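Just below is one structure, and these are the notes that go with it.
The values are calculated or read from the model by the stated rules, or taken from the named source; none is laboratory data. On a predicted model such as this, the values are computed, not experimentally measured, just so you know. Cβ sites come from the backbone with ideal geometry, for glycine too, and all protein chains shown count toward neighbours.
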């Protein structure tokens, strides 16, 4: 295998991982932008989405697109309920809100262990085979993830830009009080934003289920990476999450391919620190006034 | 004062009654990985202990020195981490007063807790493959499974000769277990004329190996070695290797992971995969044990399970022979005295004096199997000297 093949393969690997990080980070940053809540349970909603995808696809044997919709809807509604009952009471207190999300994370993860057991479950591929272009070998299962993530993000972006609700969300993110004065019902926007955010995480989980596997612990790594991505891209910035997600995916893939896993982990975080030294608010973030 | 007396009397009564209840209970610890990628092994160990306990409990308990003991299993998860294993082990020894433990599982957890088990005279039955798990210093450490430094040499020699593979690649977890297995593997391959051209290490939580495998495949390997990886990880590695277009042989020299490899990677990806098989799946006793395990736990049997089942049966037999369930010195002596002990694996003995200066390694034959059409077919039977 020569160098160009190695790099071509690394680009594809980076795109897959980057797409997953992007979906995770967009939801994560959305909640922070609108509600000023750092949702530590975000990874657990990813895990719940993976399980929703697993059960519907394996046991009901329905088309995977429908499984994705079910995962997004059920986990989205669950997220809204969680916001309404467990996060709303701490709205004025960011620290307590953060601790509440930590508690939610532990409850969901242990609940999943009790319900479904700790062992990882293998999910069958949605598509099998590889696309061979010249010397490159691209597994279809991974190409599907990239395409689906791009579609999901486009739909999300159009929703945020073109619909009244999306505009209302952006208004709340920019200035809650002014949004209130304009007649936007913030109490409806918050659970909705939270629901959308975790639905994105659930979609990422359901998409990645067949590529890796499904267990109550799968949410931890994507959650940590989403955290790095939003810091890198700029806390609260959706374009930042996209750029940051894809960038981190690429950095991870290239460094792991060229230098190996251990050096890759070091290099990734070193690069993030360097970027933050140059741009403390993140790549596309804005400094707080 | 009267109130105080009542409380004192009541608590004394409680203490007495709980003593008489616990006097008839024999606690057996299970310290293994019950979550994450090593779960298949952990469940194999826990299941073995529970089934052995079920055997004696169904007959009214284990009869030792004229008393019947109900065997109770106390299981803790070590998350495959040394620190967690040590915490859980301390709890077993000091809170639960347990003297016999199925576990620890990995080499790193074993090395962390063996000094504590030795000091407190706790008999452990470990799955740790590290050569340091058995030594004259660790008097109470037994190993029922055959470690890779016993089976890897004859198996690797057989596989390399059969496949004619010259360049080997492999990924290993970045901890004591992985480093040790990686080094042992490299030496074993080089001893029979093959070269380990790509050896990478990764953190155990990792699930995406494609970048690392791309790097390994770039070295033009003839065969890939899966040794040292947890069952689920081994399955993901096979799946991702085939996705990257690698069609060459994949070799699993390490612990049994066949069921998980098949489940995760699927039938097509697992063609041309050679696996170490600790048990003979054609043996009626093994088939019966498999059926019992799978009916109870609704999960495929991991082949290590019967080894722990056999070891727990030996502990029970040693307790009966020595007439005690608390004096681990006497139980140890009695267990070492068991010769040609009949188990699901066939007749077993203790070996290891020459290799580790500790005669506490279980001796049983092992096998090499080729995966074909989603099933393992035995292609060679091995002893520590040779595979045929």
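Looking only at residues that are at pLDDT below 90 and within 20 Å of residue B:189 (Cβ to Cβ) in segment B:248-263, which one is nearest to the other protein chains (Cβ to nearest Cβ)?
Only one residue fits best here, namely B:257.
Working only within segment A:96-121, note down all residues that are in a loop (DSSP other than H, G, I, E, B) and either more than 8 Å from chain B (Cβ to nearest Cβ) or over 21 Å from the mean Cα position of the chain (by Cα) (or both).
Start the filter on segment A:96-121 by keeping residues that are in a loop (DSSP other than H, G, I, E, B), which leaves A:117-120.
Those that are in a loop (DSSP other than H, G, I, E, B) and either more than 8 Å from chain B (Cβ to nearest Cβ) or over 21 Å from the mean Cα position of the chain (by Cα) (or both): A:117, A:118, A:119.
Could you check segment B:143-168 and list, in sequence order, the residues that are assigned to a strand (DSSP E or B) and crowded, with 24+ Cβ neighbours inside 10 Å?
Let us first name the residues in segment B:143-168 that are assigned to a strand (DSSP E or B), namely B:143, B:167-168.
Selection gives B:143, B:168.
From B:76, B:138, B:80, which residue is within 30 Å of residue A:118 (Cβ to Cβ), in contact with a helix residue (DSSP H, G or I) (Cβ under 6 Å, 6 or more places away or on another chain) and part of a loop (DSSP other than H, G, I, E, B)? Reasoning before the result, please.
Details: B:76 fails: part of a loop (DSSP other than H, G, I, E, B); B:80 fails: in contact with a helix residue (DSSP H, G or I) (Cβ under 6 Å, 6 or more places away or on another chain).
Residue meeting the stated conditions: B:138.
Check whether at least one residue in segment B:281-301 is away from chain A (no Cβ under 14 Å), outside any helix (DSSP H, G or I), under 20 Å from residue B:152 (Cβ atoms) and at pLDDT 85 or above, and report yes or no.
no
Quick check on segment B:103-123: of everything there that is in contact (Cβ under 8 Å) with a residue 40 or more places away in the chain and not in a helix (DSSP H, G or I), which residue is farthest from residue B:257 (Cα to Cα)?
It comes out as B:121.
Within segment B:191-220, track down each residue that is more than 9 Å from every other protein chain (Cβ to nearest Cβ), surrounded by fewer than 23 Cβ atoms within 10 Å (Cβ to Cβ) and not in a helix (DSSP H, G or I).
If the condition is that a residue be more than 9 Å from every other protein chain (Cβ to nearest Cβ), surrounded by fewer than 23 Cβ atoms within 10 Å (Cβ to Cβ) and not in a helix (DSSP H, G or I), then B:192, B:193, B:195, B:196, B:197, B:198, B:199, B:204 are the ones that fit.
Conditions (1) surrounded by fewer than 23 Cβ atoms within 10 Å (Cβ to Cβ); (2) away from chain B (no Cβ under 14 Å), marked per residue:
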{"residue": "A:146", "(1), (2)": "yes, no"}
{"residue": "A:151", "(1), (2)": "yes, yes"}
{"residue": "A:204", "(1), (2)": "no, no"}
{"residue": "A:217", "(1), (2)": "yes, no"}
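For residues that are assigned to a helix (DSSP H, G or I) and farther than 15 Å from residue A:101 by Cβ, tally how many sit in segment A:217-239. Give the steps one after another, and end with the answer.
Taking segment A:217-239 first, the residues assigned to a helix (DSSP H, G or I) are A:220-233, A:238-239.
If we keep only those that are farther than 15 Å from residue A:101 by Cβ too, we end up with A:221-222, A:225, A:228-229, A:231-233, A:238-239.
The qualifying residues number 10.
Confirm whether residue B:226 is touching a helix residue (DSSP H, G or I) at 6+ places or on another chain (Cβ under 7 Å), buried (at least 24 other Cβ atoms within 10 Å of the Cβ), under 26 Å from residue B:366 (Cα atoms) and within 14 Å of chain A (Cβ to nearest Cβ).
Details: touching a helix residue (DSSP H, G or I) at 6+ places or on another chain (Cβ under 7 Å): yes; buried (at least 24 other Cβ atoms within 10 Å of the Cβ): yes; under 26 Å from residue B:366 (Cα atoms): yes; within 14 Å of chain A (Cβ to nearest Cβ): no.
No.
Can you name the condition, by its number, that residue B:97 falls short on among (1) out of contact with any strand residue (DSSP E or B) (no Cβ under 8 Å at 6 or more places or on another chain); (2) in a loop (DSSP other than H, G, I, E, B); (3) over 24 Å from residue B:338 (Cα atoms)?
Among (1) out of contact with any strand residue (DSSP E or B) (no Cβ under 8 Å at 6 or more places or on another chain); (2) in a loop (DSSP other than H, G, I, E, B); (3) over 24 Å from residue B:338 (Cα atoms), residue B:97 violates only (1).
Looking at (1) at pLDDT below 95; (2) part of a helix (DSSP H, G or I), which one does residue B:334 not meet, given that it meets all the others?
Residue B:334 satisfies every listed condition except (1).
Answer yes or no: is there a residue in segment A:267-283 that is buried (at least 17 other Cβ atoms within 10 Å of the Cβ), part of a helix (DSSP H, G or I) and in contact (Cβ under 8 Å) with a residue 60 or more places away in the chain.
For segment A:267-283, residues buried (at least 17 other Cβ atoms within 10 Å of the Cβ), part of a helix (DSSP H, G or I) and in contact (Cβ under 8 Å) with a residue 60 or more places away in the chain: absent.
Considering segment B:31-66 alone, what residues qualify as being part of a strand (DSSP E or B) and more than 14 Å from chain A (Cβ to nearest Cβ)?
First, the residues of segment B:31-66 that are part of a strand (DSSP E or B): B:31-32, B:62-64.
Matches in segment B:31-66: B:31, B:62, B:63, B:64.
Regarding segment B:224-244, can at least one residue be identified that is under 28 Å from residue A:250 (Cα atoms), assigned to a strand (DSSP E or B) and touching a residue at least 40 places away in the same chain (Cβ under 8 Å)?
Yes: one or more hits.
When residue B:95 is evaluated against the numbered criteria (1) over 23 Å from residue B:191 (Cβ atoms); (2) in contact with a helix residue (DSSP H, G or I) (Cβ under 9 Å, 6 or more places away or on another chain); (3) at pLDDT 90 or above, which criterion, by number, is the only one it fails?
Just one mismatch for residue B:95, condition (2).
Mind checking which residues of segment A:3-25 are surrounded by fewer than 24 Cβ atoms within 10 Å (Cβ to Cβ), within 8 Å of chain B (Cβ to nearest Cβ) and at pLDDT below 85?
Passing the criteria: A:5, A:6.
Answer yes or no as to whether residue A:127 is out of contact with any strand residue (DSSP E or B) (no Cβ under 6 Å at 6 or more places or on another chain), within 14 Å of another protein chain (Cβ to nearest Cβ) and either crowded, with 18+ Cβ neighbours inside 10 Å or in a strand (DSSP E or B) (or both).
On the way: out of contact with any strand residue (DSSP E or B) (no Cβ under 6 Å at 6 or more places or on another chain): yes; within 14 Å of another protein chain (Cβ to nearest Cβ): yes; either crowded, with 18+ Cβ neighbours inside 10 Å or in a strand (DSSP E or B) (or both): no.
When the stated conditions are applied, residue A:127 does not pass them.
Here are some residues: A:28, A:40, A:45. Which one is surrounded by fewer than 24 Cβ atoms within 10 Å (Cβ to Cβ), away from chain B (no Cβ under 11 Å) and within 13 Å of the chain's Cα centre (by Cα)?
On the way: A:28 fails: surrounded by fewer than 24 Cβ atoms within 10 Å (Cβ to Cβ); A:45 fails: surrounded by fewer than 24 Cβ atoms within 10 Å (Cβ to Cβ).
The conditions single out A:40.
How many of the residues making up segment A:222-249 are surrounded by fewer than 18 Cβ atoms within 10 Å (Cβ to Cβ) and within 14 Å of chain B (Cβ to nearest Cβ)?
Counting residues in segment A:222-249 that are surrounded by fewer than 18 Cβ atoms within 10 Å (Cβ to Cβ) and within 14 Å of chain B (Cβ to nearest Cβ) gives 1.
Does any residue of segment A:191-199 turn out to be touching a helix residue (DSSP H, G or I) at 6+ places or on another chain (Cβ under 9 Å), away from chain B (no Cβ under 14 Å), farther than 29 Å from residue A:107 by Cβ and assigned to a helix (DSSP H, G or I)? Spell out the reasoning first.
Step one: list which residues in segment A:191-199 are touching a helix residue (DSSP H, G or I) at 6+ places or on another chain (Cβ under 9 Å), which gives A:191-199.
Going one step further and asking which of them are away from chain B (no Cβ under 14 Å), we end up with A:191-199.
Now drop any that are not farther than 29 Å from residue A:107 by Cβ, which leaves none.
Among the residues of segment A:191-199, not one is touching a helix residue (DSSP H, G or I) at 6+ places or on another chain (Cβ under 9 Å), away from chain B (no Cβ under 14 Å), farther than 29 Å from residue A:107 by Cβ and assigned to a helix (DSSP H, G or I), which makes the answer no.
Considering B:320, B:287, B:277, B:361, which residue is more than 26 Å from residue B:135 (Cβ to Cβ) and within 17 Å of the chain's Cα centre (by Cα)?
On the way: B:320 fails: within 17 Å of the chain's Cα centre (by Cα); B:287 fails: within 17 Å of the chain's Cα centre (by Cα); B:361 fails: more than 26 Å from residue B:135 (Cβ to Cβ).
Residue meeting the stated conditions: B:277.
State which residue is farthest from the other protein chains (Cβ to nearest Cβ) when the search covers only segment B:264-277 and only residues that are in contact with a strand residue (DSSP E or B) (Cβ under 8 Å, 6 or more places away or on another chain) and surrounded by fewer than 21 Cβ atoms within 10 Å (Cβ to Cβ).
The extreme case among them is B:272.
Considering only residues that are touching a strand residue (DSSP E or B) at 6+ places or on another chain (Cβ under 8 Å) and either under 11 Å from residue B:211 (Cβ atoms) or in a loop (DSSP other than H, G, I, E, B) (or both), which ones fall in segment A:249-266? Reasoning before the result, please.
Just the residues of segment A:249-266 that are touching a strand residue (DSSP E or B) at 6+ places or on another chain (Cβ under 8 Å), to begin with: A:260-262.
A:260, A:261, listed by residue number.
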